[in-house]
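Just so it is clear, none of the values below were taken in a lab; they were calculated from the coordinates. Keep in mind that this is a model prediction, so the values were computed, not measured. Note that each Cβ is placed from the backbone with ideal geometry, even for glycine, and that neighbours are counted across all protein chains shown.
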Amino acid sequence: MVIVVFLCLLILAPFPSSLGLWPIPRGLSAGTATVKLSSSFDIHVAFNNVPADLDDAIHRIKTHLKTDTFERLVVGRGSADANSVHRAFSIKDLTLSLTQNVTIRPVAVEVNTVGIEDRDESYILTIPAKGTQATLVANSTLGLFRGLSTFDFMWYHFDGEKYILNAPLRITDSPAFPYRGFSFDTSRNFYPVSDIKRTLDAMSWVKLNVLYWHIADSQAFPLQVAAFPELAARGAYSQEEIYTESDIKSVVKYANERGIDVVMELDTPGHTTAIGMAHPEHIACFAKSPWTKYANEPPAGQLRIASADTVNFAKKLFQSAIDLLDGTMMSSGGDEVNLPCWNEDEDTLAALEQNNQTIAQALDQFVQEVQGVMNANGKMPFIKSDMVLEHNVTVLNNTGVVVWKSSLDAVSVAQRGLRFIHQPSNYFYLDCGAGDWVGNNVLGNSWCDPFKTWQRAYSFDPYANLTTDQQHLVLGGQMPIWSEQSSSENLDQIVWPRLAAGAEVFWTGATLPDGNPRLGVNATSGVNAFARLNEVRYRLVDRGVKAIALQPKWCALRPGLCDVDS
Amino acid sequence: MRLVTLPVVFTALLATPTTVLALWPIPKTLQTGSTPLKLSSNFKININIPHAPSDLHAAVQRTITHLKTDNLQRLVKDRGAADLKAIHQHTTHTLSSLTLSLSGSHTSAAAAVTSIAEEAVKPIGTRSEGYTVHVPADGSPATITANSTLGLFRGLTTFEQLWYTSAGGQVYTLESPVEITDFPSVPDGVDLGKPYRGLMLDTSRNFFPVKDIKRTLDAMSMAKINTLHWHATDSQSFPLQIPGFTEISAMGAYGPDMVFTPSDIKDIVSYAGERGIDVVVEIDTPGHTAIISESHPEHIACLQAVPWSDFANEPPAGQLRLASPATANFTADLLSAAAKLFASSLFSTGGDELNSNCYVHDAETQKMLNATGRTLEQALDAFTQTTHGALRKLGKTPVVWEEMVLDHNVTLSNDTVVMVWISSMNAAAVAKKNFRIVHAPSDFFYLDCGAGEWIGADPTGNSWCDPFKTWQKSYTFDPLANISAANAHLVLGGEQLLWAEQSSPANLDSIVWPRAASSAEVFWTGATLPDGSPRAINGAAGALPRLHDLRYRMVQRGINAIPLQPHWCAVRPGVCDLTA
């Protein structure tokens, strides 16, 4: 009797800090036994016709199990566990299976053909304390992929062994929100495809599932599309700083195979000056001075939305981009349009007069036209929140709104009954706090100061101010990097590990597996989320992602000793 | 093939400013022409100096390599494509050689010439870093002349920054002839060779391998920064392996692979010296020493006392038992053994953030104080005299943080160098006490500020020294603010600093560069540009275009310096100004 009670306590105890899972699964029971992987450990799939991308994922994990050298963050590192590892039972096999009667499809197909709210990412992973057989069960290959990501990112290394300290382990997991993204600006400064792929790898390890690709902006147009190759030829920073059609396809495929959807944003009608390098006829107030009057940042320039030619150009541009893109979502952007730009543009004024339109009507029509192209191609359209809240444009009912200016705007979007994703500048902007990049503003700080710490992002409540009836409108959220002050040189450092904070907010949701609130007392204590996030950071560095240190290593090795009140 | 059609002839709507001569720091005097000049593919550098030291030969070889491999295209909209026309004119001359020579008494000296490394570690005030560069427009040999090999090295650094590379691989300038007479500014305008232009790196909170330090030294030398202030140890780890005290790093480093051995240190010191950089090591005492307890618990008071905030400015708590003669002697011996590993005339004993409450609650310390009838301040004074006395025996001049002068009654010799960090406002008070000053103010120069709180369970915490210190903020620093003319001679210079609680090799380059070059120009160029106008930040003729150039050149050399603006702005000087 005493023994039984004791075991129950072990199994029901809150997840231990030595179990560094991120995002923390929604259902988790863990023990205290050490188990290691057998030297002959292998991963088997219990069904035929294994899709190639699932097989590739298995191979990547087997490679990681050989190449990872991350040792547990404890004083003495792995040697602290040497004795228990020596005595531990060995897991010989992980078997993957699908529940009965599901169609076996590639991971990529689950991602790029199924709507964001209709995917099944759930899985059950068990690792016995004394047996030899670990199991992973899911309803889809995508679910298996998520379970594999958990398995991939949980082992400690020491002296040639891979082990955990918390067997038996049973994880019953599924995301709280279907959309968990990263918004990536590749216009202000360019990033090679290799950087994007490394970022996708890291995203997949923390179960992020959308790359929202802000591919072009006023400064550069690196996107090569068949209909208008001159846009990149003249609007990219150089011939080497172009995403060719094969680059785009390669990135989308790479992402999809890792359970990640690519939502390309063609930000329109503002943020389009670079189009004027090849097509000046479509751009109003091109590089007009003073830029502060005509745009939020230099250079000024917006599509001539009142011009039928320009609308047709935009529609063709969207269609040509869509032809490159697998997936069920796309965005037309729409942030920060500037009215003086159009009001002083003779071509725009003439077109408005000819059409007997106001600029607001022209904007409304423009948005409907580009949304129409996306809709006709089966893409759920996304749009930036100011289009809806400030310009009151007509959008399709299935539009997803990107709420960005302030977290407080979410309520207003919800009141319109539209689905949305959270991208609030006051919580999630990874670029804030590095000073003003505009010249001749000597003591200027960034417009969205201060720096958004991981703790700040982690404290975000997706349901804040929403009624229960409105909660279903929240698809999830994404942290963005705007690249005015970022490039290949600091991508990893400015993104990681902070981006992982957003991953847990939207995967785990409000409740930890032990039933306590995620944002309970001391959520960011070194013994709670901070300990697990330190682990994420060291694991990323071990795999070549240059994530910044969150603390002195002394603190990372001693969870809780560097808390404000410790 | 990416480029398929070019349908529309594009007319440039934006005026391209004239070329920017991308020198950083900008020389004290500078005259340039507007004649294109090519660099020969067989370009040679002749050292017209008998018995030239090997580190000068090595520096010349590096310059030759940089000229070949920098491959930096000019930061204009077309990246120099239009320059090809100018440089491929048949009338354009080619520069085939550069001659280095020493001026004055050195020219005929039969004795061996002092090496760059030896010059770099001479006491502040006795170094000669000035030089002249002459690049004729007609292709006749260029010259660099200086009074020392260190000056020649500074001249080579400048020479490297004169050149761009075209898309076809031609190295060229559009601005010959070039005449530069340059030397570091001095705040009081008198004492040549005095300025201290530094970068501080903390290798304790998180560890940095030797290769990261060397890459940083390379970057520093590009901006003529002449001092690495190496905050080597702290409470979190003790990576310095010191002969006679190897147990401290054996037990106090983060791991056996996170130790600087004596040979690592020698390697760093010589690498720095060859690049004109003095390595001033700091072993911070008596605070910031908790980790020494791993091997010597007998010397540490209030070890990991909780709550740590009562006993230290950051965890873990723990300070040397300064009232104990055994601890004072141990510390003096430790510092002496460490000092012998370094060539510099300066050695920092730190002294910041001493927590008196730690000692109030330490029974050992109280027992010592009671036994000797001394106050804590008296004990600190005795402790400091013991450690500084030991360093002086080795010919070292002590460096301390400002609290040792402003907050404590410690007897310090007049030549002690005091680093002002808490606030730029405190420099005047240090000057009034007649100590020499290095500016290291947190409100201008801390590179780590603004990245949020690293302490746990503080969900809304920002960094204590918010906001982020932009390059512009650092660039506006006035070394003589609030300091009387009579005290101006006390200002040695200054440094930007990286405290490494949230930094590691993963982000070293990106958090340091190019921001740390800001103070390099503040302390080299001083308040006045070569044309006599005050230093300005922005506009096509301001500092930003030149700092972009330094950043892009650093990236070409493998230093991951961050972009300061979208590339669109970098190739259009002035167009992204607030007022443009």
Inter-centroid distance (Cα atoms) of the range A:464-517 relative to the range A:522-563, Å: 18 Å
Formal net charge of residues neighbouring residue A:443 (Cβ-Cβ distance under 13 Å; K, R +1; D, E -1): -1
Reachable lysines, given that their alpha-carbon falls under 18 Å from the alpha-carbon of residue B:85 and they are not under 8 places away in the same chain: B:38, B:77
Cα-based helix-to-principal-axis angle, A:529-542 vs chain A, degrees rounded to 10: 80 degrees
Per-peptide average of other Cβ atoms within 10 Å, ordering B:554-560, A:535-541, A:73-79, B:147-153 highest first: B:147-153, A:535-541, B:554-560, A:73-79
Rounded to 5, the percent of DSSP beta bridges in the protein assembly as shown classed as antiparallel: 30 percent
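Sorting check: for A:504-515, B:569-580, which peptide has the highest mean count of neighbouring beta carbons within 10 Å, and how do the rest follow? Before the final figure, lay out each step's value.
Details: A:504-515: 19.3, B:569-580: 21.8.
Sorting A:504-515, B:569-580 by mean packing, highest first, produces B:569-580, A:504-515.
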Estimated FRET transfer efficiency (residue A:32, residue B:333; beta-carbon r; R0 60 Å; 0.05): 0.80
Degrees between helix B:149-160 axis and first principal axis of chain B (Cα, 0 to 90, nearest 10): 50 degrees
Placed amide H near residue A:402: partners under 5 Å, 5+ positions off or other chain: A:383, A:384, A:385, A:421
Environment charge of residue A:317, counting only residues whose C-beta is closer than 12 Å and scoring Lys/Arg +1, Asp/Glu -1: -2
Under the Karplus curve 6.51 cos²θ - 1.76 cosθ + 1.60, θ = phi - 60°, whole-Hz ³J(HN,Hα) for the range B:493-506, x wherever Gly or Pro sits: x, x, 7, 8, 10, 10, 8, 9, 4, 10, 10, 6, x, 4
Gain on full stretching of the segment that runs from residue A:463 to residue A:308 - 0.36 nm per residue minus C-alpha separation: 51.7 nm
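Please compute the length gained on full extension between residue B:31 and residue B:97, using 0.36 nm multiplied by the number of residues separating them and subtracting their Cα-Cα distance. Don't skip to the end; give the middle numbers.
Numbers: separation 66, 0.36 × 66 = 23.76 nm, distance 2.02 nm.
Contour length minus Cα-Cα distance gives 21.7 nm.
With the cut-off at 24 Å, tell me which of the pairs B:122/B:393; A:316/A:405; B:224/B:433; A:92/A:546; A:207/A:452; A:207/A:253 have Cα atoms farther apart than that.
Details: B:122/B:393 17 Å; A:316/A:405 30 Å; B:224/B:433 30 Å; A:92/A:546 33 Å; A:207/A:452 21 Å; A:207/A:253 17 Å.
Going by Cα-Cα distance, A:316/A:405; B:224/B:433; A:92/A:546 fall outside the 24 Å limit.
Looking at the range A:28-174, what % of its DSSP beta bridges pair antiparallel, to the nearest 5?
Values: 18 of 31 bridges.
Around 60 percent antiparallel, to the nearest 5.
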Spin-label model distance (nm) - residue B:251 vs residue B:167, 7 Å beyond Cα toward Cβ: 6.5 nm
In order through the range A:117-131: 3J(HN,Hα) via Karplus (6.51 cos²θ - 1.76 cosθ + 1.60), integer Hz, x for Gly, Pro: 8, 9, 7, 10, 9, 6, 7, 10, 10, 10, 10, x, 7, 10, x
Peptide B:504-514 - average C-beta neighbours from other chains (10 Å radius): 5
Near-label residues of the range B:554-569 by backbone N, under 14 Å of a point 7 Å along Cα→Cβ of residue A:238: B:554-558, B:567-568
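Using 0.36 nm per residue, how much length does the chain from residue A:339 to residue A:82 gain when fully extended, once their Cα-Cα distance is taken away? Before the final figure, lay out each step's value.
On the way: separation 257, 0.36 × 257 = 92.52 nm, distance 6.69 nm.
Here the answer is 85.8 nm.
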Length-normalised contact order for the range B:29-182 - Cα pairs under 8 Å, 6+ apart - percent: 39 percent
Peptides ranked, highest mean first, by Cβ atoms within 10 Å: ranges A:286-292, A:553-559: A:553-559, A:286-292
Where labels lie 7 Å past Cα in the beta-carbon direction, separation of residue A:49 and residue A:443 in nm: 7.0 nm
Degrees separating the helix A:193-205 axis from the principal Cα axis of chain A, which is the longest one: 50 degrees
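Under the definition of partner shielding as Cβ atoms of other protein chains within 10 Å of a residue Cβ, what is the mean value for peptide A:554-561? Write down the numbers at each step before the final one.
Numbers: counts 14, 9, 2, 2, 4, 1, 2, 6.
For this peptide, the per-residue mean of nearby foreign Cβ atoms is 5.
Can you pull the mean other chain C-beta count within 10 Å for peptide A:417-429?
On the way: counts 0, 0, 0, 0, 0, 0, 0, 0, 0, 0, 0, 0, 0.
What the average comes to for A:417-429 is 0.
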Amide H contacts of residue A:219 (H built 1.01 Å from N, under 5 Å, at least 5 apart or other chain): A:274
Modelled FRET efficiency - R0 45 Å, residue B:377 with residue B:258, Cβ distances, 0.05 increments: 0.80
Residues listed by number, the range A:91-111, amide nitrogen under 16 Å from residue A:56 label point at 7 Å toward C-beta: A:105-111
Computed helical MRE - 222 nm, the protein assembly as shown, DSSP H runs ≥ 4 contributing -39500 (n - 2.57), nearest 500: -9000 deg cm²/dmol
Fraction of beta bridges assigned by DSSP in the range B:226-396 that are antiparallel (%, nearest 5): 20 percent
Calculated FRET efficiency for the pair residue B:267/residue B:528, C-beta based, R₀ 41 Å, to 0.05: 0.60
Karplus (6.51, -1.76, 1.60) ³J(HN,Hα), θ = phi - 60°, over the range A:355-365, in Hz, Gly and Pro reported as x: 8, 6, 10, 8, 5, 4, 5, 5, 5, 4, 5
